[in-house]
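**Student:** Here you go, one structure.
No lab work stands behind these numbers, since they all come straight from the coordinates. Note that the structure is a prediction, hence the values are computed from the model and not measured. Cβ: placed from backbone, ideal geometry, glycine included. Neighbour counts: every protein chain shown.
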Amino acid sequence: MIIDSDVHCAAPALSEILPFLDEHWTEYIGENGFRKPTTVAYTYPPWLPQVATSTESTTLDKLRENVLDRSAYAVLNCYYGLEPIRHPYFAAAMATALNDWTRSQWLDKDDRLLGSIVVTPQHADLAAAEIDRVAGDGRFVQVLLPVRSWEAYGNRRYAAIWEAAARHDLALAIHFGGWAGNPPSGAGWLDSYVEEYAAVAQVFEAQVSSLVVEGIFETHPNLRLVLLESGWTWLPALMWRLDKEWRSQRREVPWIKRPPSQYIRDHVRATVQPLDVPERASHLAEILVHLGSDEMLMYSSDYPHDHACDSEQLFSVLSEEQAQLVRWDNAWDTYGLESRSGQAIG
C-alpha cells in the first residue's frame, strides 16, 4: 500500500485550458497573443531526464500504468508557472482554469488521484479566494507553491494564503521551481543548471526557516508544510543551526516558544525523491537518526522525472514499521485522508 505524494501531470497546452476560462479572458488572450508564461520553459532544461514531462509520458493511461498500478493514491502537482504574470486578475483566472482542468481531466476520471490547488502566490488575496473556492472538493489536499518566491513565505504579504490553508485544513506544499525574479542561491545567479539544481536546497532551507521563525506554526498550529522535490538530508543540519541561533538570539523572536527543530519535526514533511545517497548505506541510516523523527518522510516517485536514485536504497535501512510510515501512514495523516474520505466531493 503506497501513497505517492509527488506525481506530475503535464502542463496542458493553452488550447486545453481555454474551455475552462470565461469569454472575457479567452478574448483577452486572443487580443494580447498570450501563449504561456514566457519563463516557464526555464524551470527545467527540456533535454534533462529529470524533466520528462512530455504529454505522452503524462497521459492518464501512462500514469495508471507507471504509478497507480502500485499506488492506492497519487497526489498530482500541475506546475504552470503563473508567478511571472503581473496582471492579477488574469493570473487568478488562469489558476482557476488550471484547477478546473485538473478536476475535470484527472480527478473525475480516477478515484485514486488527489489534487494540489494551483494559486498565484504573488497575489495572496486572490490566491486565498481560489483556495476558498476549491477547498470544498475534498480531493484537493494541499496548496501548491513554487520554492522560488518574491519574498520568503513567512513574510506577512502571504498571510492570506496561510490563513486560507489553515481554515480548510490543507497542507502547504512547496515544490522545486518557480520564476520570481530572485536568483536561485544566496550568492546570486549561477552559470549552469547543475549548480542551480544543487543550490536549490538553500532556497528550501530559507523557506523553512522563514515559516518557522516568523511564527506561522505558532499562529496556525494545525498547518502542515510539505517539501516536494527538495531533498531532505539537509534538514538535520538546518535544525541544529536554527536551534543554536535561537538559543542565543531568542529575544528577537519572542513569539517562538519552542526550539525551531520541534516546530520542524511537528509540522514539516518531505518527499523522498530526489534522494541524496551517501556512499555507504550506514551513512544514510545515520542521517535518519539525526532527523529525529520517523514521521517526516513521505514516499514519492516524482513521476515522470528520473533522478537516477532508487528509493529502495532508503527502504533498505528502514525497519518494517518505519517503511510503513514512509509508504503510507505519514501521507495519510498529513493529508487528513481519513476525514476526507467521508466528504462529499465533486
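**Student:** Quick one: which of 147-153, 203-209 comes out on top by average Cβ neighbours within 10 Å, and what's the full order, highest first? Write out the running numbers ahead of the final one.
**Tutor:** On the way: 147-153: 19.1, 203-209: 21.4.
The most tightly packed comes first, giving 203-209, 147-153.
**Student:** Kirkwood Rh and Cα-based Rg: tell me the resulting Rg over Rh for the range 201-346, rounded to two decimals. Write down the numbers at each step before the final one.
**Tutor:** Details: Rg = 16.2 Å, Rh = 16.4 Å.
On the Cα set of the range 201-346, Rg over Rh gives 0.99.
**Student:** For the chain, compute the orientation-averaged projected area of the C-alpha convex hull (one quarter of its surface), in nm².
**Tutor:** Working: hull surface 69.0 nm².
So the Cα hull casts an average projection of 17.3 nm².
**Student:** Read phi for every residue in the range 5-11 and hand back ³J(HN,Hα) as whole Hz from Karplus 6.51 cos²θ - 1.76 cosθ + 1.60, θ = phi - 60°, with x for Gly and Pro.
**Tutor:** Running phi through 6.51 cos²θ - 1.76 cosθ + 1.60 with θ = phi - 60° gives 8, 8, 10, 10, 9, 4, 4 Hz.
**Student:** Further question: Taking 8 Å as the Cα distance limit and 6 or more residues as the minimum spacing, I'd like the relative contact order of the chain as a percentage. Intermediate values should be presented prior to the final figure.
**Tutor:** Details: 568 pairs, mean separation 69.9, N = 346.
Normalised by residue count, the contact order of the chain is 20 percent.
**Student:** Sorting ILE256, ILE3, ILE117 on the 10 Å Cβ count, fewest up front, what's the list? The partial results should precede the final answer.
**Tutor:** Values: ILE256 19, ILE3 24, ILE117 27.
So the residues, fewest neighbours to most, are ILE256, ILE3, ILE117.
**Student:** If you don't mind, another one. Ignoring everything except DSSP H segments at least 4 long, calculate the 222 nm mean residue ellipticity for the chain; use -39,500 (n - 2.57) per segment, divide by total residues, nearest 500. Walk me through the numbers on the way to the answer.
**Tutor:** Values: 15 runs with 136 residues, N = 346.
That comes out to -11000 deg cm²/dmol.
**Student:** Compare ALA281, ALA124, ALA160 in a GNM of the chain, Cα atoms joined below 10 Å, and give the one with the largest fluctuation.
**Tutor:** Looking only at ALA281, ALA124, ALA160, the biggest GNM fluctuation is shown by ALA281.
**Student:** Would you pull out the residues with amide H under 5 Å of VAL226's amide H, same chain only if 5 or more places away, H placed 1.01 Å from N?
**Tutor:** LEU172, ALA173, ILE174, ARG269
**Student:** Considering amide H positions built from the backbone, and no H for Pro or chain starts, which residues 5 or more places from LEU297, or on another chain, come under 5 Å of its amide H?
**Tutor:** Amide H neighbours of LEU297, under 5 Å, 5+ apart: ALA270.
**Student:** Pop out the ³J(HN,Hα) list for the range 176-190 in order, Karplus 6.51 cos²θ - 1.76 cosθ + 1.60 with θ = phi - 60°, rounded to Hz; leave Gly and Pro as x.
**Tutor:** 3, x, x, 9, 9, x, 8, x, x, 8, x, 8, x, 6, 10
**Student:** Once whole DSSP H runs in the chain are found, which of them have Cα atoms spread over 20 Å or more along the helix axis and a mean Kyte-Doolittle score of at least 0.0?
**Tutor:** Values: long enough: 88-105 (25 Å, -0.19); 193-213 (30 Å, 0.82); 235-249 (21 Å, -0.83).
Sorted by number, the helices that extend far enough and score high enough are 193-213.
**Student:** Could you estimate the translational diffusion coefficient of the range 104-171 from the Stokes-Einstein equation, with Rh from the Kirkwood formula over C-alpha pairs, at 10 °C and 1.306 mPa s, in whole µm²/s? Mind showing how you got there, number by number?
**Tutor:** On the way: Rh = 12.5 Å.
Rounded to a whole number, D works out at 127 µm²/s.
**Student:** Who wins for biggest fluctuation among THR334, THR26, THR96 in a Gaussian network model of the chain, springs between alpha carbons below 10 Å?
**Tutor:** THR26
**Student:** Among all the lysines, which ones have a C-alpha under 24 Å from LYS257's C-alpha, if same-chain residues fewer than 8 places away are not counted?
**Tutor:** Output for LYS257: LYS244.
**Student:** Would you list, by chain and number, the lysines whose Cα falls below 21 Å from the Cα of LYS109, excluding same-chain residues fewer than 8 positions away?
**Tutor:** Excluding near neighbours in sequence, the set is LYS62.
**Student:** Next question. What does the range 171-283 give for Rg and for Dmax, in Å, if only its C-alpha atoms count?
**Tutor:** 15.0, 42
**Student:** Take the chain, connect every pair of alpha-carbon atoms lying under 10 Å apart with a spring to form a Gaussian network, then pick out the residue of GLY136, GLY178, GLY188 with the largest mean-square fluctuation.
**Tutor:** So, out of GLY136, GLY178, GLY188, the one fluctuating most is GLY188.
**Student:** How large is the direction-averaged shadow of the alpha-carbon convex hull of the range 266-346, in nm²?
**Tutor:** Values: hull surface 26.9 nm².
Mean projected area for the range 266-346: 6.7 nm², to one decimal.
**Student:** Listing THR233, THR219, THR58, THR271 from the residue with the fewest other Cβ atoms within 10 Å to the one with the most, what is the order? List each step's numbers first, then the result.
**Tutor:** Numbers: THR233 18, THR219 13, THR58 22, THR271 28.
Least crowded to most crowded, the residues run THR219, THR233, THR58, THR271.
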